[in-house]
Amino acid sequence: MSTRTRQRKTSKKSATKTATSLKTQAPKLPTLDVRNRRPFMTAIQIEAAFAASLAGVTYTRITGWHELGDGTARYSMPSGAGLTYTPDADTPLTAWTPCPQGVRHPHPVTTRADLLDAQMVAARCTDPHGDTPVRLLADRITLAAEDTQTTDVRDLRADAPQEHPHD
Ligand SMILES: [Zn+2]
């Protein structure tokens, strides 16, 4: 019996010694500075996704909503349209649907049918929308195309001397 007791004491000592040596050899764990990090989700993102879900637009992800800095949030939909969330507005959700004239049409959204209406209204738009930046750019491109001269590449080759003629 006394032999058994001695063996236990010995094994306990060695276990303690091993734990101590591991403690001294353990590498320093990496630390994460969380002071200047943005939260994973913000309240406005959660509110926006919830409002969209109530309106029947159920496919938005919470983290897909981007805060715009003015208390609103925007979600980019696969169709190219944007959906904005403005808390405390009469209709918090607004679809911004691009039309063929290059402008985004605002359309209040309370149901999923409103979202489809916004797409149909924008697709049928024939209004040139006056002097919007996109319209002005499109007009400049058209004018620039009218001023363009056609150039024959053979004339260019004849004018420029070639070090290694290819004939
Ligand atoms: Zn339009």
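The values are calculated or read from the model by the stated rules, or taken from the named source; none is laboratory data. Only a predicted model underlies this, so the values are computations on that prediction, with no experimental measurement involved. Counting neighbours? That spans all protein chains shown, and the Cβs are built from the backbone with ideal geometry, glycine included.
Yes or no: Asp139 modelled with pLDDT under 85 and either within 16 Å of the ligand (Cβ to nearest atom) or surrounded by fewer than 14 Cβ atoms within 10 Å (Cβ to Cβ) (or both)?
Against the criterion (modelled with pLDDT under 85 and either within 16 Å of the ligand (Cβ to nearest atom) or surrounded by fewer than 14 Cβ atoms within 10 Å (Cβ to Cβ) (or both)), Asp139 qualifies.
Of all residues in segment 33-51, how many are surrounded by 12 or more Cβ atoms within 10 Å (Cβ to Cβ) and assigned to a loop (DSSP other than H, G, I, E, B)?
Residues in segment 33-51 being surrounded by 12 or more Cβ atoms within 10 Å (Cβ to Cβ) and assigned to a loop (DSSP other than H, G, I, E, B): 2 in total.
Report every pair of residues separated by at least 6 positions or lying on different chains whose Cβ atoms are under 9 Å apart, first residue within segment 98-122 and under 19 Å from Phe50 (Cβ atoms) and of a type in the set (Gly, Ala, Ser), second crowded, with 18+ Cβ neighbours inside 10 Å and at pLDDT below 95.
Short answer, once both residue conditions are applied: none.
Search segment 75-131 for residues being in contact with a helix residue (DSSP H, G or I) (Cβ under 8 Å, 6 or more places away or on another chain) and at positive phi, and hand back the single one that is nearest to the ligand (Cβ to nearest atom).
It comes out as His129.
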